[in-house]
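The values are calculated or read from the model by the stated rules, or taken from the named source; none is laboratory data. Please read all numbers here as calculations on a predicted model, not as lab measurements. A quick note on method: Cβ atoms are made from the backbone with ideal geometry, for glycine too, and the neighbour counts reach across all protein chains shown.
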Amino acid sequence: MTRFMSRTLLTKALKLACVRSERGGAPLAVILFSIDRFRLINHRFGYAFANRVLRRVCGTARASLGRNAVVGRWGNDEFLGILHDCNPRQARSAAKALNEAISGLVIAADQNVLNVTVSIGIACVPQDGAAPQEIMNVLDEALYEAKRRGRERIVAAEHLERRIFRMGAVLETALRENRVVPAYQPIVDLRTSRVVAEEALARIVTADGKVLAADEFIEAAGQFRLTYKIDWTVLLSALTRRQTHDDDIVHFVNVSGDLLRYPRLLMELLASAKTSFPRKGAADVKPLVIEVTERELLENMDMTRERLAPFVDFGVQLALDDFGSGYSSFQYLADLPISFLKIDGRLISRIAEPRVLSIVRGIRAVAADLGITTLAEYVETPQQVELLRDVGIDWAQGHFFGPAALDQSVADHRRALSINWADGYYYQKDVPLRTP
């Protein structure tokens, strides 16, 4: 679409560049940059205009970085530039010139004009790594840090702390050894105070017996493209639990936009759901709820609906998570058959404020009009519970009602598996869950 090098060709070019640098000792710099808030451009102006923005940005990058640079689209709103014979100082200068060139773009948009900015990560060979995957890993982290600092920033990998790499290694090993397990948090009906549901939340059980919560590794999961594996593993475990626990509560599980990109895995999950929740009738509604988060949804809503449709047809219900945290939540209510609306915990933490209370009351009114059950997240105090009851919120979860708890027998079993290293392969005495 951009008429420049594709990701496949960029990957080959990066491999060749790394080999050339290693053999000849020539410096090499790689730049990964992303258009800031590109999703908003898509939503506001449409895909045709967004494609025009991509072409203009890619063309500007090619002109700015020069003929000796290889430039192409890495994916979505990300572009990669490979700069031969470029040392760290020159790379910083090139990134600064690139930033200035793109921020100076003026793109006509109907009756308005649009200014585009980018966030940039820089990595150099051999200072930040020698292999292509090493370089891309540090570039991902540098770009993430540039966005975290407020966007329209340049971050060189040499200035990063490598915490996320350590956590990435922990996560990859835990997935390989099947030590990513669900913890289950109770969900309570605010009218009756009865537990009516539970949500499966990802945890890592370490080899030495510790338990890591999701907020300790979810950032690394995103950086190393492992989110879909976490979702898949936790979902399968939750469905297996349902087969051995014959209860009447509703089971909430998370499906990220990352997992939605793997239709084969989704079909395997659907097959497992059909085993766990046999169909009782044509209109049978299952006590299984798939949570989707607005910021995690695929930009292509038609594809999102297509991937979720077989689950909905089977009777699985949908929940929109973190409602009130983004720009397009109401659009998703219109486009998807949502049954549950989970109100963002940041709103719940401020519900005592009159303006926030009014917002939550408005959310509840919209949900009631649409026949959607409301669920408050991160409830921690008696005052929050009373305010939520007064507003008419249906269900709630949070530490006030109980923390997420592991199925201890499963956790102990996973930790007890004997794992050894031999001839470059892991083997286990027990048969593990297959990972994607």
(request) Quickly run through segment 223-254 and pick out the residues that are free of Cβ contacts under 8 Å to residues at least 40 places away in the same chain and either within 18 Å of E172 (Cβ to Cβ) or within 14 Å of the chain's Cα centre (by Cα) (or both). (result) R225, T227, D231
(request) Please verify whether segment 271-283 includes one or more residues that are closer than 26 Å to K147 by Cβ and in a loop (DSSP other than H, G, I, E, B). (result) no
(request) May I ask you to verify whether C18 is at negative phi, in contact with a Lys or Arg (Cβ under 7 Å, 6 or more places away or on another chain) and surrounded by 13 or more Cβ atoms within 10 Å (Cβ to Cβ)? (result) no
(message) Show me the helices (runs of 4 or more DSSP H) found entirely inside segment 333-436 where at least 2 residues are assigned by TED's automatic domain parsing to the domain that holds K286 and at pLDDT below 90.
(response) 408-416
(request) Could you check how many residues of segment 362-386 are without any contact (Cβ under 8 Å) to a residue 60 or more places away in the chain, farther than 21 Å from Q317 by Cβ and crowded, with 20+ Cβ neighbours inside 10 Å? (result) 2
(message) Give me the residue from segment 206-257 that is of a type in the set (D, E) and modelled with pLDDT of 85 or more and, out of that set, surrounded by the most Cβ atoms within 10 Å (Cβ to Cβ).
(response) D231
(request) Answer with yes or no whether R153 is modelled with pLDDT of 85 or more, farther than 30 Å from D407 by Cα and either touching a helix residue (DSSP H, G or I) at 6+ places or on another chain (Cβ under 7 Å) or surrounded by 14 or more Cβ atoms within 10 Å (Cβ to Cβ) (or both). (result) yes
(message) Quick check on this structure: which one of E134, E172, E152 is closer than 24 Å to T206 by Cα and either assigned by TED's automatic domain parsing to the domain that holds A411 or not basic (K, R) (or both)?
(response) E172
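Select, from R7, R37, R56, the only residue that is more than 27 Å from the chain's Cα centre (by Cα) and surrounded by fewer than 20 Cβ atoms within 10 Å (Cβ to Cβ). Break it down stepwise before answering.
On the way: R7 fails: more than 27 Å from the chain's Cα centre (by Cα); R37 fails: more than 27 Å from the chain's Cα centre (by Cα).
Within the list R7, R37, R56, the selection yields R56.
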(message) Please verify whether E172 is touching a Phe, Trp or Tyr at 6+ places or on another chain (Cβ under 8 Å), under 26 Å from S409 (Cα atoms), of a type outside the set (F, W, Y) and modelled with pLDDT under 90, treating the condition exactly as stated.
(response) yes
(request) Residue by residue through segment 172-223, note down the ones that are under 29 Å from I343 (Cβ atoms), assigned to a helix (DSSP H, G or I), in contact with a helix residue (DSSP H, G or I) (Cβ under 7 Å, 6 or more places away or on another chain) and among the hydrophobic types (A, V, I, L, M, F, W, C). (result) A220, A221
